[in-house]
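Worksheet: the structure to be examined is printed underneath.
The values are calculated or read from the model by the stated rules, or taken from the named source; none is laboratory data. Keep in mind the model is a prediction, meaning the values are calculated, not measured. No Cβ is skipped: glycine too gets one built from the backbone with ideal geometry, and neighbour counts run over all protein chains shown. Just the protein is used for accessible areas: all its heavy atoms, side chains included, with ligands, DNA and RNA removed. Shrake-Rupley method; radii C 1.70, N 1.55, O 1.52, S 1.80 Å.
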Amino acid sequence: MKLSKMHIKTLREVPNEAEIASHILLLRTGMIRKLVSGVYGFMPLGWRSVRKIEDIVRQEMDNTGAQEIHMSAVQPAELWQESGRWFAYGPELWRLKDRGGRDFCLGPTHEEIFTDIVRNDVSSYRQLPMNLYQIQTKYRDEARPRFGLMRSREFIMKDAYSFDKDFEGLDESYRIMYEAYERIFTRCGLTFRPVEADTGAIGGSNSHEFTALSEVGESEIAYCESCDMAATVERAECKDAAPSPDGEEMLPLEEVYTPGTKTIEEVAGFLGLPQEKTIKALLFVTFDDEGKENGYVTAFVRGDRELNMIKLVNALGIPEHAIAFADEEKMHQATGCVGGFTGPIGLHDCKIVVDSELVGLKNLCAGACKLDHHIKNVNYGRDYTGDIVKDIKTLKVGDPCPVCGAPIKHTRGIEVGQVFKLGTKYSSSMGAVYKDENQKEQLIVMGCYGIGVTRTLAAIVEQHHDDDGIIWPISVAPYHAIVTLVNVKDEEQTKVAEQIYETLQKSGVEALLDDRNERPGVKFKDADLLGIPIRITVGKRAPEGIVEYKLRRDAEKSEKTVEEAIADAISLVNAEGYGM
């Protein structure tokens, strides 16, 4: 493609709304175009890279035996109501009505649709296992879309769904997809890590998130360098502190006056206690399917711990959007809590969730449910109990690894894919069954597997850029090489540039020819900004058959003969162009 004929508009200035490198560079290169907040279109160069990512995904999915289909983004509410997710998915579900008043949604994911297909089409065990997938536009009504393609309201996703006779079959399907994902992200040039993850609104028993390592990522990962433990902080289990010694006696309760000490730091300092000898209370209100208040919850963790909200909602068995921090005065009237001085003794009409660690600890200090007062020597079992006792704390940096006990570290990453063992979550609610060898009906066992195609594009840019622009891996670059013609009015330079361009094209190297009537400096800056992997510059030594050869990822450049430059470009593309 000749740049003089291409629809392209690069920007010299950083767009005001862009905060991270991928958002800045994709806008500056003109690869994406903002329509409204969280909604982007793709211009020629950007769309070529999207299609290359899709091609890699397709090749690897097809190689596993998965079959591609394409379903509508518009989904009837009845299927979501049947699965129980019409409410559970929350406000991100983009709902709409047709002119007849019938409810629909724009699909954020397609578990219900694919389950409906299989329950209608599959009747016998002989038809299983099966894996169906699609690459399609998805919609989520994000409250705060940001970071360009990282958190948008419209995005392209590959979603696949496996259907097996039993859980052993699911384990095998899951393994096959897991390994396919490793190949996909490797071919895309990403540095990534699979980590255990929460299943969220998708549901199921087990999940792994494929995370492209990046400081701007929204996923926080807890990992151990001494063993293989790695999980999102939302999912990471915590190792409870050692319980108090069996010989330690439970001391009598003692109410103490603690004026103005609303925080753990303040009360611990006032009483001269370590923070791990205190109990922290957090107050919440829950909501029903219609958004009406549905009761109060108080969660208790050790004073030096942080509450993990995902673990809390999982313990309560409610979706994330069905809980919020309570109005302290309203909750006081209903339950007897006192903001800043709430403890587990004296609460009423309130669900109490206790972190598992507190059960084994003795003689702790908690709020007295009385203004400016705390109670010392509070003990689980003797003085209070919980309606739910679960691990609801966050695994922090330096905490012991729940597997081997070594200190935990944290890093950040971008979620580019996730795989789930759904089990019978959807088949049981939607009646997806098959007949086994004895003609008995059995529930189909499912898995689902998603890749954010457009988010993967952004993640690649985050990991592959410098101050001058993008540095595309060859496998996903919009074009492999750019031939930069220094002087378009020089006939000899033009002849050599077009010769190189045409030879590369015929040899399977996707090439651009920068034949614009621009200064060389502008062309060089644009080539670096666009991130084309190979640049061949045709300048004043063209009559001698000498050109400049430079790889975008390297600082150095060299002079080569025309034949050498062409041969090296072809060799590099053949070696790296498919990301193998």
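Data overview
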{"read-out": "GLU78 vs. criteria charged (D, E, K, R), surrounded by fewer than 16 Cβ atoms within 10 Å (Cβ to Cβ) and more than 19 Å from GLN136 (Cα to Cα)", "value": "yes"}
{"read-out": "For ILE184: the one exception among (1) touching a strand residue (DSSP E or B) at 6+ places or on another chain (Cβ under 6 Å); (2) of a type in the set (Val, Ile, Thr); (3) open to solvent by less than 10 Å² (accessible area, probe 1.4 Å)", "value": "(1)"}
{"read-out": "Number of positions in the range 345-354 that are surrounded by 22 or more Cβ atoms within 10 Å (Cβ to Cβ) and out of contact with any helix residue (DSSP H, G or I) (no Cβ under 9 Å at 6 or more places or on another chain)", "value": "1"}
{"read-out": "Pair list, Cβ under 8 Å, 6 or more apart: the range 1-26 residue under 23 Å from VAL483 (Cβ atoms), other residue polar (S, T, N, Q) and open to solvent by 30 Å² or more (accessible area, probe 1.4 Å)", "value": "SER4/ASN517"}
{"read-out": "Subset of the range 284-310 (residues that are open to solvent by 20 Å² or more (accessible area, probe 1.4 Å) and under 30 Å from LEU251 (Cα atoms))", "value": "ARG302, ASP304, GLU306, LEU307"}
{"read-out": "Of all residues making up the range 318-344, the number that are assigned to a loop (DSSP other than H, G, I, E, B) and open to solvent by less than 70 Å² (accessible area, probe 1.4 Å)", "value": "12"}
{"read-out": "So PRO319, is it touching a residue at least 24 places away in the same chain (Cβ under 8 Å) and farther than 30 Å from PRO91 by Cα", "value": "no"}
{"read-out": "Enumeration of residues in the range 394-409 that are over 20 Å from MET309 (Cα atoms), open to solvent by 70 Å² or more (accessible area, probe 1.4 Å) and in a loop (DSSP other than H, G, I, E, B)", "value": "VAL403"}
{"read-out": "Any hit, the range 37-54, residues being under 22 Å from ILE532 (Cβ atoms), surrounded by 20 or more Cβ atoms within 10 Å (Cβ to Cβ) and of a type in the set (Val, Ile, Thr)", "value": "yes"}
{"read-out": "Of residues in the range 468-497 being of a type in the set (Asp, Glu) and more than 25 Å from VAL573 (Cα to Cα), the one least open to solvent (accessible area, probe 1.4 Å)", "value": "ASP490"}
{"read-out": "Boolean, GLU518 is under 38 Å from the mean Cα position of the chain (by Cα) and modelled with pLDDT under 95", "value": "no"}
{"read-out": "Test result for GLU68, surrounded by fewer than 17 Cβ atoms within 10 Å (Cβ to Cβ), touching a residue at least 40 places away in the same chain (Cβ under 8 Å) and within 26 Å of the chain's Cα centre (by Cα)", "value": "yes"}
{"read-out": "Inter-residue pairs, beta-carbon under 9 Å, first under 17 Å from VAL476 (Cα atoms) and open to solvent by less than 40 Å² (accessible area, probe 1.4 Å) and in the range 503-515, second among the basic types (Lys, Arg) and not in a helix (DSSP H, G or I), 6+ apart", "value": "LEU512/LYS2"}
{"read-out": "Every residue from the range 109-137 that is within 16 Å of TYR426 (Cα to Cα), open to solvent by less than 70 Å² (accessible area, probe 1.4 Å) and not in a strand (DSSP E or B)", "value": "THR109, HIS110, GLU111, GLU112, ILE113, PHE114, THR115, ASP116, ILE117, VAL118, ARG119, VAL122"}
